[in-house]
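**Student:** Structure provided below as C-alpha cells; questions to follow.
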Amino acid sequence: MIKLRLRRMGRKRQAHYRIVAAEATWPRDGRFIEAVGYYNPRTEPATVEVNAERARYWLEHGAQPTETVRSLLVKAGVLPGRQPETPEKAASARKSPGSGGSAASAAAEHAL
C-alpha cells in the first residue's frame, strides 16, 4: 500500500519534512517513490509547499495520506476540508428550537 507521509530532513533540532509517496513498509526516512512537497514548521507561519497535481495523482491511484499529511493537504488546498465554524453559527445552532434538546428540559418546558 502506498502512503503519502512525512520524511524527516535537517539537522538535530532543526527538522523540516518532505511529503513523499512511499510504500507503507519502507522506513520513514528511507526509500521513497516520489517527493510531492515539503513542510517546514520552524518558519512563522509554517511553510507548506505541495505539487497539487502529483498529490492528486497519488490520491487517485489509492495512496493513503497520514493524519498530518491530510491536514497539510487541506491547508494547501489539495483536499477539501471542513470550513471553520464561526462562533455566531455555533451559538445559533445550539439555540434553535427543535434541535434535539434533552428530555428533562423538554419536560420542564411542557410543565410550565
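**Student:** Quick one: which residues, 5+ away or cross-chain, put their amide H under 5 Å from the amide H of His16? H built at 1.01 Å from N.
**Tutor:** Amide H to amide H, under 5 Å and 5 or more residues apart or across chains, His16 pairs with Met9, Gly10.
**Student:** Which far-off residues, 5 or more places away or on another chain, put their amide H under 5 Å from the one on Thr66, with H placed in the peptide plane?
**Tutor:** Answer set, sorted by chain and number: Leu4.
**Student:** Can you give the local net charge around Val36? Use residues other than it whose beta-carbon is closer than 14 angstrom to its beta-carbon, Lys and Arg +1, Asp and Glu -1. Walk me through the numbers before you get to the answer.
**Tutor:** Details: positive: Lys3, Arg5, Arg7, Arg18, Arg54, Arg56, Arg70; negative: Glu34, Glu49, Glu53, Glu60.
Here the count lands on +3.
**Student:** Given points 7 Å out from each Cα along the Cα-Cβ axis, report the Arg42 to Arg18 separation in nanometres with one decimal.
**Tutor:** Calculated label separation equals 1.7 nm.
**Student:** How big, on average over all directions, is the shadow cast by the Cα convex hull of region 2-76, in nm²? Write out the running numbers ahead of the final one.
**Tutor:** Working: hull surface 19.3 nm².
Dividing the Cα hull surface by four gives the mean projection, 4.8 nm².
**Student:** Where nothing but the Cβ of Lys and Arg (+1) and of Asp and Glu (-1) is charged, how large is the charge dipole of region 2-76 around its Cα centre, in debye to the nearest 20?
**Tutor:** Numbers: 15 positive and 8 negative charges, 86 e Å.
Using Cβ point charges on Lys, Arg, Asp and Glu, region 2-76 gives about 420 debye.
Computed from the coordinates by the stated procedures, all read-outs in this text should not be read as laboratory data. Computed from a predicted structure; not experimentally measured. Cβ coordinates were reconstructed from backbone atoms using ideal geometry, including for glycine residues, and neighbour counts include every protein chain displayed.
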